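The values are calculated or read from the model by the stated rules, or taken from the named source; none is laboratory data. Not measured: the values here are computed from a predicted model. Cβ: placed from backbone, ideal geometry, glycine included. Neighbour counts: every protein chain shown. Keep in mind that these areas ignore ligands, DNA and RNA; they rest on the heavy atoms of the full protein, side chains included. Shrake-Rupley method; radii C 1.70, N 1.55, O 1.52, S 1.80 Å.
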Amino acid sequence: MNDSATIATTGKVVEVDHPLVKHKLTLLRRVECDTAQFRLLVEELANLLTYEATKDLETEDVEIDTPITRMTGSSVSGKKVAVVPILRAGLGMVDGVLRMVPVARIGHIGLYRDEETLEPVTYYEKLPDDMAQRDVLVLDPMLATGGSVTVAVDALKRAGAQRIKMLAILAAPEGIARLQADHPDVDIYVAGIDERLNEKGYIVPGLGDAGDRLFGTK
Ligand code: PRP
Ligand code: URA
């Protein structure tokens, strides 16, 4: 018997399988990768993730003139986009996303993980006022326990957001499971899925502390 009321659906998880993504991710992980190179690679990976995450944008036919003739082209027609980095480390992904979607509005959610409890602490929130009308891309390079992005998505939904995707550079299985359990409607686009978390909540093998490596604070 097919009882649709008992079927649970979860968002999809897309691990982008592309040689350039795997190459750049490997460079990023290396302990020798310095701050300048780390920033550039995070931006480039965010750009490539955006390409995947926007594959379902709606388009419409448009009549245009080329220098040669008139033709029917294709133009993005769907909902407007909001990009929401989770501070700090999500900031490193913004320019890479905006290169693909330059007209997007930008919101900010400030969170840090308490080092003892690993629970996220919110310190800032500023979002566009028409979130219900926008496709939202929430950015954080690291999906570790999933606590930070879950709290961020809670805030986005309180502000009216209805269509949310998460873009991450690296994820742990624990974080994916947490986000899917708490927000099954959110699709995840990620450059790599690692083995596990260590006892301090770091992704293994991972790349270390993304915020510190981006901003050179350690
Ligand atoms: C890092 C990272 C994520 C969070 C992921 O931020 O950028 O926001 O940890 O961990 P979670 O999935 O277990 O919540 P951090 O707290 O180090 O703050 P920062 O970005 O300001 O460095
Ligand atoms: N946050 C990071 O920056 N790195 C991890 O491995 C986990 C959380």
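Miscellaneous remarks
- Look at the stretch 113-130: where a residue is among the polar types (S, T, N, Q) and a partner is surrounded by 10 or more Cβ atoms within 10 Å (Cβ to Cβ), sitting 6+ places away or on another chain with Cβ atoms under 7 Å, you get T122/G110; T122/L111; T122/V151.
- Just one residue in the set G110, G92, G96 is surrounded by 13 or more Cβ atoms within 10 Å (Cβ to Cβ), farther than 19 Å from D209 by Cβ and within 16 Å of ligand 1 (Cβ to nearest atom); that residue is G96.
- Residue-level check: of (1) within 10 Å of ligand 1 (Cβ to nearest atom); (2) touching a Pro at 6+ places or on another chain (Cβ under 6 Å); (3) at pLDDT 95 or above, G175 misses just (2).
- Note on the stretch 170-205: residues that are within 17 Å of R113 (Cα to Cα), surrounded by fewer than 20 Cβ atoms within 10 Å (Cβ to Cβ) and not charged (D, E, K, R) total 4.
- Hits in the stretch 49-59 (condition: in contact with a Gly (Cβ under 9 Å, 6 or more places away or on another chain), surrounded by 19 or more Cβ atoms within 10 Å (Cβ to Cβ) and of a type outside the set (S, T, N, Q)): L49
Condition check ((1) among the polar types (S, T, N, Q); (2) away from ligand 2 (no atom under 16 Å from the Cβ); (3) over 27 Å from V121 (Cα atoms); (4) not in a strand (DSSP E or B)) across all residues:
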| site | (1), (2), (3), (4) |
| --- | --- |
| Y51 | no, yes, yes, yes |
| E60 | no, yes, yes, no |
| S75 | yes, yes, yes, no |
| G78 | no, yes, yes, yes |
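- Evaluation of V81 against (1) open to solvent by less than 90 Å² (accessible area, probe 1.4 Å); (2) farther than 30 Å from G211 by Cα (one fails), failing number: (2)
- Any chance D154 is over 12 Å from the mean Cα position of the chain (by Cα), more than 18 Å from K79 (Cα to Cα) and surrounded by fewer than 18 Cβ atoms within 10 Å (Cβ to Cβ): yes
- Residue that is nearest to ligand 2 (Cβ to nearest atom) [pool: residues in the stretch 108-125 that are outside any strand (DSSP E or B) and not β-branched (V, I, T)]: L118
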